[in-house]
Every structure is written in C-alpha cells, then in structure tokens.
1. Only one of these conditions is not met by A:Ala67: (1) at pLDDT below 95; (2) closer than 30 Å to B:Ile51 by Cα. Which number is it?
2. Kindly provide the set of residues from region A:76-100 that are at pLDDT below 95 and small (Gly, Ala, Ser), ordered by number.
3. Considering region A:24-56 alone, what residues qualify as being within 9 Å of chain B (Cβ to nearest Cβ), under 17 Å from A:Asp82 (Cβ atoms) and of a type in the set (D, E, K, R)?
4. Looking only at region A:5-34, count every residue that is among the acidic types (Asp, Glu) and not in a strand (DSSP E or B) and tell me the total.
5. What's the number of the only condition in (1) facing another protein chain (nearest Cβ under 8 Å); (2) within 18 Å of B:Gly111 (Cβ to Cβ); (3) polar (S, T, N, Q) that B:Ser73 fails to meet?
6. The conditions are (1) within 14 Å of chain B (Cβ to nearest Cβ); (2) at negative phi; (3) touching a residue at least 24 places away in the same chain (Cβ under 8 Å), and A:Arg76 fails exactly one of them. Which is it?
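The values are calculated or read from the model by the stated rules, or taken from the named source; none is laboratory data. Note that this is a predicted model, so its numbers are computed, not measured. Cβ: placed from backbone, ideal geometry, glycine included. Neighbour counts: every protein chain shown.
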Amino acid sequence: RKEVEQDPGPFNVPEGATVAFNCTYSNSASQSFFWYRQDCRKEPKLLMSVYSSGNEDGRFTAQLNRASQYISLLIRDSKLSDSATYLCVVRMVRQGGKLIFGQGTELSVKP
Amino acid sequence: DGGITQSPKYLFRKEGQNVTLSCEQNLNHDAMYWYRQDPGQGLRLIYYSQIVNDFQKGDIAEGYSVSREKKESFPLTVTSAQKNPTAFYLCASSITVGPGTSSYEQYFGPGTRLTVT
C-alpha cells in the first residue's frame, strides 16, 4: 500500500465548476499535511498547509480528518489557471522531516 | 532575489558515466533535500542534510552520493551504479528541522531533467 494515495486523474471540468480532491495516508504518525501544485514540467509549489480545524484560502478549502487519515482539497469557481497537477503531501517527523508525496491528481479546466 | 538554483536544466549523459547535479540556495536554510520524480509518480527522497558536513540516506539512495561542505550547496552525484538514472531531479530546502517546525515549507528549485542513454 502506498503511504499517500490520491484520486486517480485526470479531472476535466468546465470553468466555474467546483472540484474536490481526496487523499489518504497510511502512517498515523504523520505530522504535517500540505497540498502542493505542480505545473507541467515545473517544480512543485506550496498551495496551502492543511490544519486539523480545516482552513480556507480564497477559493481553496483544505480539510484534515486525522481519525480517518484523510485529507481533501476543494476548489470553488475553478479558473483556467487552476489547471495543474495537485500533490497531496505528508511530512514526517522521522528522516529529517522528509515529505512523502502522493502521485498527484491532474486537473484540466476547460473554457 | 532569494531562492534555490539548480543547474543545468537539461542534462544528457551516456550510460556508465557519473554526473553531478548542482543545487545552491541563498535562503540561509539549514536543511536541504534531493528528490527524484518519474513520470506519473510522486517525488521520492534520495538524500537529505540537516546541517553542514552531515547527510542521511532517504528512501532510494542506492547509486547516488552527496556532499554538504557548505550551507548553501548540496550537490548530487548520479553514479554509474544507478540502474535507472533518467528522471526529473528536484532539490529543496527548508529553514530547519526540529521541535516546533512541523509547518515549515520546503522550497523547491526548478529541477534538472537528466537523460541517460
């Protein structure tokens, strides 16, 4: 079983749609949680951290359920510029705080 | 501008040759990391360093070597022992690692695409 698993993609949605990404992690000792965005052939960039109480940043809402070991990302009113691959990331205390990445879910927003 | 630089962006090598990928940061970060990404897969940790003159193996260290002689620099050597070296290599850094630092972001360089034929 992979340590971090995401919805298989790609997701193809029209502009203005709401899209949700799901992610599960297997190690209950996981410390911190993030969503990164990766554009084609570019490096990943932090989109947002995920807090236990849930957090929102504009059109983006992240949720964490530690009991279910489940993380989600909701994008409202999607824009063409949201097209990218979204990576669910878990940070471990061990191994120098290494990040464990999901395989990513590709999103394509169409006009 | 502060950031992480990796060079070159694209690198081509013949099988059997060692190759060294550069990673430099001017963010004054203590911790540095090397990841590898293969098509359709997440990033996997190769090596990491929390302090100068010290580094640790990650999940897929076989066939790779690193050094950390300066805080700013963390070069990665892909040796001929690495069986599948063709990949996208990403270097990252973060402030430090320790109690209370759980939310510190890792910043990534632009990556080096290595092709070995």
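1. That leaves (2) as the condition not met.
2. A:Gly96, A:Gly97
3. Those that are within 9 Å of chain B (Cβ to nearest Cβ), under 17 Å from A:Asp82 (Cβ atoms) and of a type in the set (D, E, K, R): A:Lys42, A:Lys45.
4. Summing the residues that are among the acidic types (Asp, Glu) and not in a strand (DSSP E or B) in region A:5-34 gives 2.
5. (1)
6. Going through (1) within 14 Å of chain B (Cβ to nearest Cβ); (2) at negative phi; (3) touching a residue at least 24 places away in the same chain (Cβ under 8 Å) one by one, A:Arg76 breaks only (1).
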